[in-house]
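Novice: Starting off with a structure, shown below.
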Amino acid sequence: MTILSTAFMFAGLFDFRNRDVLFVSSSPVDEVWIRSTALRCHAEGLQVEVVICGDRRNRADHILAPYRAAGIKARAGLSFAAAARIRCRLAVTASSSLDRRIFPTRARRFIHMPHSLASLHMIYPADAFDGYDVLFAAGPHHEAEFAAIAHARGLGPRVTYAVGYGKLDVLAQQLAGRGARAPGRPRVLLAPSWGPDNLLDRCGVALAQGLLAAGLDVVVRPHPLFFLDHAPVLEAIRALEQREPGLRLESPFTGDDAIFDADVLVGDYSGIGFEFAALRGRSIVSVDVGLKVANPAWQDLGLEPVEIGCRSRIGAVVAPVVEEIVEAVRRAVDEGADVQPQALAHILHGRPGGCAARATARIQELLTSDRA
């Protein structure tokens, strides 16, 4: 082997070019939130790389395909240490709890894009955002929460930009490419979240049966943690699915069809309810089960979580009683109630589809300011 060929092989294995922006996810499930911004940055001429960390056995080829098709270098299965060695000026992630001890990035600024429209201070651990210098806020509540968290934890100066919600860019594009749903029975999306008193564990099976008996088709889409934890209630849903042709179990790891086709969404405190309201402009039914709490000291900040304060702005809030939930769903279907734009303004900056443009503009500003 010649010296020249050896040099080319070495260059292929070790790429020392400095990226403008490294987009990193701690697992494949966190990738969709940064996708539109990564593609937009590349289209604007920035040097971009996308990395998904974690077990190499977690297949991510289909996730990386849009980046590779656009000519972006994209890799999966890297360790945090290996990904952190990638030379970059800015790093962007939608994964929480990636501080510089876990991910010692070389980037001058580490940017977080929240992967939920829900609150930052109640449903995440108190230190989940300590590692980020910049927040690309999905809504006005995130701006207030990030500032309060930084002050309470003595983190020093932090920067926040009103950007929007990257996942809605992807969903809005997919929705625009879909045809009308075939006529049929009204469809209800049950989208329970995690936690010790979530909707699915509390009454999910009985609720699905009640909705089916009321002449409604049902799609059950649990939070990803149900699948990762192999929750026993999933077996009960699968058994019911075998008996009931009007019921379908949808995994968040395999697609998003239900959010496009449902006439009404039933949730508890999950951010998907806000996603549905923003994307489809339709009201939701929120079931008043136990709060999702990962930070027991959330009340110390004096901020009401958006998933508590804004649920009644975008639909009905009902007790965890099957008959009451079914009645609220029937009313929502019959009335076809829409969510008013002023209600969405409390949870989302801009309209679905505009996040990537705003985020890329802020990234370009940060890159320019860092050169000064």
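Laboratory data are not the source of any read-out in this text; all were calculated from the coordinates shown. Keep in mind that what you see is a predicted model, and the values were worked out from it rather than measured. No Cβ is skipped: glycine too gets one built from the backbone with ideal geometry, and neighbour counts run over all protein chains shown.
Novice: What dipole magnitude, in Debye to the nearest 20, does the range 175-344 give about its Cα centre under +1 on Lys/Arg Cβ and -1 on Asp/Glu Cβ? Write out the running numbers ahead of the final one.
Specialist: On the way: 16 positive and 24 negative charges, 86 e Å.
Rounded to the nearest 20 debye, it is 420 debye.
Novice: Now, a different point. If each DSSP helix of 4+ residues adds -39,500 (n - 2.57) and the sum is divided by the residues in the chain, what number results at 222 nm, nearest 500 deg cm²/dmol? Provide the component values of the computation, followed by the final result.
Specialist: Working: 15 runs with 140 residues, N = 372.
After summing the helix terms and dividing by residue count, I get -11000 deg cm²/dmol.
Novice: Starting from the Cα-Cα distance between residue 331 and residue 147, subtract it from 0.36 nm times their residue separation and give me the gain in nm to one decimal.
Specialist: On the way: separation 184, 0.36 × 184 = 66.24 nm, distance 3.95 nm.
Once the chain is fully extended between residue 331 and residue 147, it gains 62.3 nm.
Novice: For the range 234-295, what class follows from the C-alpha gyration tensor (a ≥ b ≥ c being the square roots of its eigenvalues): rounded when a/c is under 1.5, otherwise prolate if a/b is larger than b/c, else oblate? Display every interim value, and only then the final one.
Specialist: Details: a/c = 1.86, a/b = 1.27, b/c = 1.46.
In terms of gyration-tensor shape, oblate.
Novice: Can you give the FRET efficiency for residue 294 and residue 159, using 1/(1 + (r/R0)^6), R0 = 25 Å, r = Cβ-Cβ distance, to the nearest 0.05?
Specialist: On the way: r = 24 Å, r/R0 = 0.98.
It comes to 0.55.
Novice: OK, next. Which order, highest average first, do 302-313, 131-142 follow once you tally other Cβ atoms within 10 Å for each residue and take the mean per peptide?
Specialist: 131-142, 302-313
Novice: Restricting to bridges with both residues inside the range 175-344, how much of the DSSP beta-bridge set is antiparallel, in percent to the nearest 5?
Specialist: Values: 1 of 19 bridges.
For the range 175-344, the DSSP antiparallel bridge percentage is about 5.
Novice: Full extension from residue 257 to residue 108: what is 0.36 nm times the residue separation minus their Cα-Cα distance, to one decimal in nm?
Specialist: On the way: separation 149, 0.36 × 149 = 53.64 nm, distance 3.87 nm.
Difference between extended and current length: 49.8 nm.
Novice: Another question about this same structure. Can you pull the semi-axes for the range 176-244, root of five times each eigenvalue of the Cα gyration tensor, sorted largest first, whole Å?
Specialist: Details: eigenvalues 105, 50, 24 Å².
Equivalent-ellipsoid dimensions as semi-axes: 23, 16, 11 Å.
Novice: Could I ask something else about it? Roughly how many nanometres apart are two label points built 7 Å out from the Cα toward the Cβ at residue 338 and residue 227?
Specialist: For the pair residue 338/residue 227, the computed spacing is 3.3 nm.
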